[in-house]
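Undergrad: What follows is a single structure, and I will ask about it in a moment.
Any read-out appearing in this document is the output of simple, stated calculations on the displayed coordinates, not a laboratory observation. Everything quoted here is computed from the prediction, not taken from an experiment. Note that we place each Cβ from the backbone using ideal geometry, even for glycine, and neighbour counts take in every protein chain shown.
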Amino acid sequence: AQTVTQSQPEMSVQEAETVTLSCTYDTSESDYYLFWYKQPPSRQMILVIRQEAYKQQNATENRFSVNFQKAAKSFSLKISDSQLGDAAMYFCAYRSVEGDDKIIFGKGTRLHILP
Amino acid sequence: EAQVTQNPRYLITVTGKKLTVTCSQNMNHEYMSWYRQDPGLGLRQIYYSMNVEVTDKGDVPEGYKVSRKEKRNFPLILESPSPNQTSLYFCASSLLAGALNEQFFGPGTRLTVL
């Protein structure tokens, strides 16, 4: 069974600085999708960025980018120029392509932005 | 407006009293899913549905039932709720199963079982 691990329950970063949130996963599948979701205090889940496993190129969305290392099964999220509005819980998620269509989330990393 | 709606948003109930949390999406999505969120455990998938009349168990299906009679609705049923089902519940939908499609989440339902 697939698993997703976020080893940092909480992190803090100074406003305007860069922070990296880690995510590792375990799977025997060769094709899958990976996602980062943001959950601000409003509790709404918001997609931040997504990556297809068969694509070598790392996904980028404005200030958000990922470092996808397929062999290492690592999918870290980098937030550049951190802003106060980035303060939230961040979840890494794995979506299977082969077999069943379960979606597995990590336990989350709470990110604090220090003014 | 494209959205996933859940009702009720908040619910306090007692052990054993059957309840249903409704979920509806207006985006003609095929895939719908229920999650529960608990502190320190992240989101865990309860059930999912790849299309009408097709449902499958997620990681924590015990104590829950679902049905998918119409494409837009995916209710979550707790036949005999227990205190360990106190949680924050999210319904989500995406266009297709097994794809890169974004999941759209409902606003969440905070359930307390006394």
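Undergrad: When the chain is fully extended, how far beyond the present Cα-Cα distance does B:L95 get from B:T5, taking 0.36 nm per residue of separation?
TA: The B:L95-B:T5 span can extend by a further 30.8 nm.
Undergrad: Shifting gears a bit: Could you sort the peptides A:104-114, A:51-61 by per-residue average Cβ neighbour count (10 Å cutoff), highest mean leading?
TA: Put in order of decreasing packing, that is A:104-114, A:51-61.
Undergrad: Something else: Please name whichever of B:Q3, B:N73, B:L96 sits farthest to the positive end of the charge dipole of the protein assembly as shown, dipole taken about the Cα centre and charges placed at Cβ: Lys and Arg +1, Asp and Glu -1.
TA: B:N73
Undergrad: Next question. Charges only on Cβ, +1 for Lys and Arg, -1 for Asp and Glu: so what's the dipole of chain A about the Cα centre, in debye to the nearest 20?
TA: Using only the charged Cβ atoms, the result is roughly 120 debye.
Undergrad: What full-extension length gain, to one decimal in nm, is calculated for B:T22 and B:E53 as 0.36 nm per residue of separation minus the Cα-Cα distance?
TA: Taking B:T22 through B:E53 to full extension adds about 9.5 nm, to one decimal.
Undergrad: Counting only other chains, what is the mean number of Cβ atoms within 10 angstrom of the Cβ of each residue in peptide B:35-48?
TA: The shielding value for this peptide is 4.
Undergrad: Across peptide A:101-114, how many C-beta atoms of other chains are within 10 Å of each residue C-beta, on average?
TA: 4
Undergrad: In addition: Amide H neighbours of A:V66 under 5 Å, counting only residues 5+ apart in sequence or on other chains, H built in-plane at 1.01 Å?
TA: Those lying under 5 Å, H to H, from A:V66 are A:A59, A:K78.
Undergrad: Okay, next question. Quick one: Debye curve from the C-alpha atoms of the protein assembly as shown, no solvent, what's log10 I(q)/I(0) at q = 0.08, 0.09, 0.16, 0.17 Å⁻¹?
TA: -0.29, -0.36, -1.12, -1.24
Undergrad: Placing one identical point scatterer on every Cα of chain A and ignoring solvent, what is log10 I(q)/I(0) from the Debye formula at q = 0.10 Å⁻¹?
TA: Debye intensities relative to I(0), on a log10 scale: -0.27.
Undergrad: Averaged across the residues of A:91-97, what count of C-beta atoms belonging to other chains lies within 10 Å of each residue's C-beta?
TA: Taking all residues of A:91-97 together, the mean is 3.
Undergrad: Which listed residue (A:N58, A:Q39, A:S74) has the Cα farthest towards the positive end of the charge dipole for chain A, taking +1 on Lys and Arg C-beta and -1 on Asp and Glu C-beta about the Cα centre?
TA: A:Q39
Undergrad: Could I ask something else about it? Evaluate the charge dipole of the protein assembly as shown about its Cα centre and quote only its size in Debye, nearest 20, assuming +1 on the Cβ of each Lys and Arg and -1 on the Cβ of each Asp and Glu.
TA: Roughly 580 debye, rounded to the nearest 20.
Undergrad: Now for a different question. Label chain B by shape, choosing from rounded, prolate and oblate, from the square roots a ≥ b ≥ c of the eigenvalues of the Cα gyration tensor; if a/c is under 1.5 it is rounded, and otherwise prolate applies when a/b is larger than b/c, oblate when it is not.
TA: Because a/c hits 1.5 or more and a/b exceeds b/c, chain B counts as prolate.
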